[in-house]
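The values are calculated or read from the model by the stated rules, or taken from the named source; none is laboratory data. Remember, predicted model here, so these are calculated numbers, not experimental data. Quick reminder, even Gly has a Cβ in these numbers, built from the backbone with ideal geometry, and neighbours come from all protein chains shown. For accessibility, only protein heavy atoms count, side chains too; no ligands or nucleic acids. Shrake-Rupley method; radii C 1.70, N 1.55, O 1.52, S 1.80 Å.
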Amino acid sequence: MSVKRKNCLVFLSALLFSSLSLSSENKTILNIGDSRLIIYADLDAYDLGKAAIMGWVKKSARIVADYYGKFPVSEAGLVLDDYDGSGVRTGRAYGQPVLQIIVEIGNQVTQQQLTRDWILVHELIHLAFPDIPDQHHWLEEGLPTYIESIARVQAGDLDERFIWKGFMRGMPKGLPLAGDKGLDNTPTWGRTYWGGALFCLVADMEIRQQTRYKMGLQDAMRAVMESGLTLDKTATIDEVIEIADSHTGTTVMRDLYERMKDAPAHVNLNVMWDELGLIYDDETGVVNIDDSAPLSKIRQSILASKLTSSKS
Ligand SMILES: [Zn+2]
């Protein structure tokens, strides 16, 4: 969901109105490598019990730490705001006044809903990127919209056909419509979330092609995080592009941004899915995978876990 460092008042009011008192008895600390996630939650409020909720938090934090090579920040807070009902409803991430994520989760949430949840992973990914000016919000939201799915497949938490199906359904919502003025000037929901995610997919494919699979968007975003530009910091889009491109030794992010920022740059999705070896079966609603397709190796390298590849 949305992130804005300036919404301190929103943050404080969200905390004030959350049903949770931030007292110590509602505080649980989760260590992830050298980092700490401080969980503010009345864990007894959930029918499923403390272990299931903590299992979900641990899994989500592990998925993000493995994608970035470590948990993005040394310390952050996670407020679980419970309501009467089931499901994981919404989330927000804040960089100021403290690094904090608030997730609304029903006290009757089921194990299946936790297993399928994407919201917490999405919000944790926001921690790994700085606060950039509003007109570039599509990159702030495009990154978690794209990375959340990839990171969960890398972790073995999702089947790749499931995420490609989601992308094949979502990415068309990110394409420019009549009157579009480019990603920086068209702040619609579709262009913000899916337009941003499409930018990330095209950049990822291009980086992998130009570096012969040695680098990808994952490496570029790790470099941004390692530079210290996390959600509690502000930056310009030029700064993050410079770090990303100089780390991959390409000009992919710069070239794509220049092409997409203030013009309705079209992407032929049908050709792209074909070349990646993704075939959507209308009858079954299943995505079939063709490993003989020209860009199959790119698709495989996007989903390859860096954990396993570094071991092999
Ligand atoms: Zn978001």
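Below are the figures for this structure:
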read-out: Within the accessible area of region 153-312 (1.4 Å probe), percent carbon and sulfur; value: 52
read-out: Estimated 222 nm signal from helices in the chain, with DSSP H stretches of n ≥ 4 weighted -39500 (n - 2.57), rounded to 500; value: -13500 deg cm²/dmol
read-out: Label-to-label distance, nm, for residues given as Thr110 and Glu258 (7 Å Cα→Cβ offset); value: 5.2
read-out: Centre separation in Å (Cα based) which lies between region 59-124 and region 256-276; value: 31
read-out: Residues whose placed amide H lies under 5 Å from that of Thr90, excluding near-sequence neighbours; value: Glu104
read-out: With all protein chains modelled, accessible area of Ser296 [1.4 Å, Å²]; value: 10
read-out: Two-site FRET efficiency, Thr188 against Asn268, from Cβ-Cβ distance with R₀ of 35 Å, rounded to 0.05; value: 0.95
read-out: Spherically averaged projected area in nm², based on the convex hull that wraps the Cα atoms of region 249-312; value: 7.0
read-out: Mean Cα-pair separation over length for region 180-312, i.e. relative contact order, pairs under 8 Å, 6 or more apart, %; value: 26
read-out: Compactness of region 154-312, expressed as Rg and Dmax over alpha-carbon positions, Å; value: 16.3, 49
read-out: For Asp204, solvent-accessible area (1.4 Å; no DNA, RNA or ligand), Å²; value: 0
read-out: Residue-span extension gain [Phe162 to Ile289] - 0.36 nm each, minus C-alpha spacing; value: 44.6 nm
read-out: Shape parameters for the chain, alpha-carbon atoms, Rg then Dmax in Å; value: 19.3, 57
read-out: Computed FRET value (nearest 0.05) for Leu307 with Ser74, which takes r as the C-beta separation and R₀ as 30 Å; value: 0.90
read-out: Computed E for Thr90/Tyr213 - FRET, C-beta separation, R0 30 angstrom, nearest 0.05; value: 0.20
